[in-house]
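*Asks:* Take this structure first; my questions come after.
The values are calculated or read from the model by the stated rules, or taken from the named source; none is laboratory data. These numbers come from a predicted model, not from an experiment. Cβ placement follows ideal geometry from the backbone for every residue including glycine, while neighbour counts extend to all protein chains displayed.
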Amino acid sequence: MEFGIDVKDTKRFTDEMLNWVRGKGKILIVVHDNPDPDCLASAMALRHLFVMTVNREAVISFSGMICRSENLAMAKALEMPLTPLGLLDLRQFSVICMLDTQPGTGNNSLPDGVKVDILVDHHPLREPSRLCRWVDIRDDYGVTATILFEYLVAQGVYIGTKLATALFYAIKSETQDLGREANKPDRDAYFGLFSLTNTKLLYEITHPKLPVEYYMMVSSALENAKIYGKLLVTNLNKVSFPEIVAEMADFFVRLEEIEVVLAMGHYGDGVILSLRTIRHDMNSGLLIQRLVEGRGRAGGHGMMAGGKINGVSDSSAANTEIEAFLTKRLLAELYVTDCKPLTLRELRGNDVLRQAFRDDQTDRIDFS
Ligand SMILES: [Mn+2]
């Protein structure tokens with residue numbers, strides 16, 4: 001297939017990498033815990049690349065769960081073969097690949113000390129990652145799936161409808177249709193893949209039926225939202241699936257006047273965090289690392305980041321403590337002092353704020 005993109009360097013890298021794989025035993029592909037469309041599509045693409053070029057199957061594995069209905073619909077529609085990491089004997093594998101995450105980041109469950117051979121990611125390079133045999137980190141790419149798309153193009157591998165739909169959906173969802181942190185390679189991949197996607201399948205993935213728990217969690221995110229000027233913090237407390245935390249952060253960053261959102265929710269044995277900003281002068285990845293310093297692990301990009309604080313009980317006292325601790329640090333980071341939070345209801349009733357906001361609006365259509 002011809003996509004009109006420059007894959008010279010990618011061709012050289014993948015030629016050498018595939019040659020190295022050829023002489024090895026079983027292949028394992030590890031993606032991050034509670035996988036998202038980007039890492040799932042990337043894993044499908046890498047697995048397909050191994051089948052088509054060196055005629056070898058690979059096992060795709062992760063820890064945690066896929067709960068978000070869209071991601072479940074994707075895994076189901078694409079018949080993705082997935083194995084829980086805990087069930088595998090890692091000594092059986094002679095090639096270990098890691099996608100969309102890096103060793104020691106805290107969001108994947110590959111045990112420390114297990115060496116990663118092939119590492120492909122779009123998050124900033126971490127020092128320990130240099131020890132991997134094949135490293136392809138492109139932090140100027142919006143999506144890991146775009147890198148894997150280029151592997152397939154460079155190797156002249158046929159991309160079928162299902163895989164094209166998966167890769168397209170990964171780019172679509174992670175960059176919000178190229179609007180967030182997407183660069184030229186992502187745009188080229190998005191448009192190149194679009195004509196190959198099955199739009200009916202795509203619709204099934206983007207519009208799945210949602211469980212009642214979903215609406216309950218949205219309700220608690222709304223109830224617990226606290227607004228500190230341009231910052232919104234919401235604590236969902238106990239969540240029935242982890243991906244909802246990031247989804248609610250995306251949801252609230254669209255609220256008028258809000259520039260930074262921190263969402264959190266208790267899941268498993270800890271608290272999951274998600275940070276979003278619309279400000280281009282902020283680095284959410286570094287900011288969230290400062291927020292959790294000494295208590296948890298985190299990382300991310302400029303406008304979106306995530307993290308986890310382990311070992312927190314699901315009691316409401318423990319959740320309140322975490323929220324207060326993180327909010328205090330975040331307010332200090334943003335130089336906000338002496339700010340009493342408002343709930344959404346209070347925000348609506350706050351005439352001063354609302355008036356200031358209305359004065360600011362020049363694009364409102366008024367038929368009154
Ligand atoms: Mn990603």
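*Asks:* Determine which member of the set L152, L148 is assigned by TED's automatic domain parsing to the domain that holds C97, of a type outside the set (S, T, N, Q) and away from the ligand (no atom under 14 Å from the Cβ).
*Replies:* L152
*Asks:* Out of the residues in region 163-184 that are in a helix (DSSP H, G or I), within 13 Å of the ligand (Cβ to nearest atom) and among the hydroxyl-bearing types (S, T, Y), which is farthest from A75 (Cα to Cα)?
*Replies:* So the residue we want is S173.
*Asks:* Search region 123-141 for residues being more than 20 Å from A305 (Cα to Cα) and assigned to a loop (DSSP other than H, G, I, E, B), and hand back the single one that is nearest to the ligand (Cβ to nearest atom).
*Replies:* Among residues in region 123-141 that are more than 20 Å from A305 (Cα to Cα) and assigned to a loop (DSSP other than H, G, I, E, B), the one nearest to the ligand (Cβ to nearest atom) is C132.
*Asks:* Exactly one of (1) under 24 Å from T327 (Cα atoms); (2) of a type in the set (F, W, Y); (3) surrounded by 20 or more Cβ atoms within 10 Å (Cβ to Cβ) is unmet by Y228. Its number?
*Replies:* With respect to (1) under 24 Å from T327 (Cα atoms); (2) of a type in the set (F, W, Y); (3) surrounded by 20 or more Cβ atoms within 10 Å (Cβ to Cβ), Y228 is out only on (3).
*Asks:* Can you name every residue in region 107-121 that is free of Cβ contacts under 8 Å to residues at least 40 places away in the same chain and either touching an Asp or Glu at 6+ places or on another chain (Cβ under 9 Å) or within 12 Å of the ligand (Cβ to nearest atom) (or both)?
*Replies:* Hits for region 107-121 are L119, D121.
*Asks:* Somewhere in region 198-217, is a residue more than 16 Å from the ligand (Cβ to nearest atom) and touching a Phe, Trp or Tyr at 6+ places or on another chain (Cβ under 7 Å)?
*Replies:* Yes.
*Asks:* Before we move on, is Y158 touching a residue at least 40 places away in the same chain (Cβ under 8 Å), within 12 Å of the ligand (Cβ to nearest atom) and not in a helix (DSSP H, G or I)?
*Replies:* Criteria not met by Y158.
*Asks:* Quick one: which helices (runs of 4 or more DSSP H) lie wholly within region 198-261 and hold at least 2 residues that are in contact (Cβ under 8 Å) with a residue 24 or more places away in the chain and within 20 Å of M304 (Cβ to Cβ)?
*Replies:* Fully inside region 198-261 and qualifying: 212-223, 244-252.
*Asks:* If you don't mind, another one. Considering each residue of region 31-78, count those that are within 14 Å of the ligand (Cβ to nearest atom) and not in a helix (DSSP H, G or I), and give that number.
*Replies:* Number satisfying all stated conditions: 7.
*Asks:* Hey, another quick one. Can you spot a residue in region 188-197 that is outside any helix (DSSP H, G or I), touching a Lys or Arg at 6+ places or on another chain (Cβ under 8 Å) and buried (at least 21 other Cβ atoms within 10 Å of the Cβ)?
*Replies:* no
*Asks:* Can you pull out every residue in region 202-218 that is surrounded by 15 or more Cβ atoms within 10 Å (Cβ to Cβ), farther than 18 Å from S42 by Cβ and of a type outside the set (S, T, Y)?
*Replies:* Selection gives E204, P208, M217, V218.
*Asks:* Report yes if some residue within region 284-291 is within 19 Å of A305 (Cβ to Cβ), surrounded by fewer than 22 Cβ atoms within 10 Å (Cβ to Cβ) and polar (S, T, N, Q); otherwise report no.
*Replies:* Yes, region 284-291 has at least one match.
*Asks:* Does S42 count as in contact (Cβ under 8 Å) with a residue 40 or more places away in the chain, surrounded by fewer than 18 Cβ atoms within 10 Å (Cβ to Cβ), small (G, A, S) and in the same structural domain as K172 (by TED's automatic domain parsing)?
*Replies:* In short, no.
*Asks:* Which one is farthest from the ligand (Cβ to nearest atom), of the residues in region 14-30 that are in contact with a helix residue (DSSP H, G or I) (Cβ under 8 Å, 6 or more places away or on another chain) and assigned to a helix (DSSP H, G or I)?
*Replies:* R22
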